[in-house]
Amino acid sequence: MFSDRSYPRLLLLTLFVTVVATLLIAAGTSSASFGVYNSQWDGTAEVRTAAEAAGAQTTVVQNTSRYDRATPNETVAVALSPTSTYDTRETEAVRSFVRGGGTLLVAEDYGAGGNELLSAVGAEARIDGTPLRDERQIGPSPAFPRADVVTNHTYTTTADELMLNHGSTVDPGSATVLATTSQYSYLDTNRNQELDNDEELMSRPVVTVESVGSGTVLVISDPSLFLNSMLDRSDNAAFLRAIVSVHETVLLDVSHTTALPPLVALRLLLQQSGLATFLGGCLSILALFALAKSPGVVSRIRTWRGQSPTATSPALSSEDVSAAVQRRHPDWDEERVTRVTDRLMKHRE
């Protein structure tokens, strides 16, 4: 079926396709923890899926200027464990969104980014930042404490219990506490994963909600609650659905977390920027025009595929094709030349 010279070409083509496919997959997916395009256990792709399933318009926010275009009283913005500080201009955009009636969900455990954002928007609740453990009401280990819903609220109507994963606690201030751990939980202040004499057993807040201006700030002391692998624990998934289902729009704020995959970032840029879409279209048209005007492009492609333009021309007879094949492969015997000639003639027909 293939000539002796076709196998190296086929192998090269297979290698090229494999490399390109691998690069495209790598450029279009994420392995970052809490990544909204990470479908592995430590990603949060299921948050995006849940929002879309609830009928909400889901937007991945790479720049806080997107807050200015949202309708606040119909929108919830989700910030999971920010890794860098929002500057003055950025915090003003988020603050205006909240005070104008928007809902902001901040989930943080040990980092400073969550508390800085809470302070900037004027919320009173703060994340403690000390590891929380529970010796009795737990999941796989004491580092997975189960928290009971203690307040009837829009966001807790379908959830009775939440499970954390190496989380912390919330210092509520004047905020309303929605969920607390059992009386057997403690803060592991020296992080030795053991209950010491100076570590007190008591119930502690892990989820709070408060009004800020005309808006709402929801604080959760563990972003891991929304990991793909944690949404099937306790009522975590029901809690997430309750939050997104009462809003028309969900903003997934990744402006201060790990960078998006290159292809995803490019697609979002084209979707959210009219200028970028226009420039991309112009460049595509110019590239196609240049390719069409390039001399000998079709001929070179056919030659690369191993097709002789002369041998497959409809103007040539069987004898002409046979002579062309024999000139190209002088080492072939007459039977092979005849067989290849017949095949080329049938292919031409």
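Checking residue 128 against (1) of a type outside the set (Phe, Trp, Tyr); (2) under 27 Å from residue 199 (Cα atoms); (3) at pLDDT below 95, which test does it fail?
So residue 128 meets the others, but not (3).
Being surrounded by fewer than 18 Cβ atoms within 10 Å (Cβ to Cβ) and assigned to a helix (DSSP H, G or I) is the filter here, so list the residues in the stretch 75-90 that pass it.
Within the stretch 75-90, 88, 89 qualify.
Is it the case, given these coordinates, that residue 206 is touching a Leu at 6+ places or on another chain (Cβ under 6 Å) and among the hydrophobic types (A, V, I, L, M, F, W, C)?
No.
Could you grab the pairs with beta carbons closer than 6 Å, sequence gap of 6+ or different chains, first residue in the stretch 247-268 and modelled with pLDDT under 70, second one part of a helix (DSSP H, G or I)?
261/27; 261/28; 262/27; 263/27; 263/28
Evaluate the following for residue 59: is it within 19 Å of the chain's Cα centre (by Cα), assigned to a strand (DSSP E or B) and modelled with pLDDT under 95?
So residue 59 passes the test.
Can you find a residue that is of a type in the set (Val, Ile, Thr), surrounded by 19 or more Cβ atoms within 10 Å (Cβ to Cβ) and free of Cβ contacts under 8 Å to residues at least 12 places away in the same chain anywhere in the stretch 127-140?
Yes - at least one qualifying residue is present in the stretch 127-140.
The values are calculated or read from the model by the stated rules, or taken from the named source; none is laboratory data. Remember, it's a predicted structure, so these values are computed and weren't measured experimentally. Every residue, glycine as well, gets a Cβ built from its backbone with ideal geometry; the counts of neighbours run over all protein chains shown.
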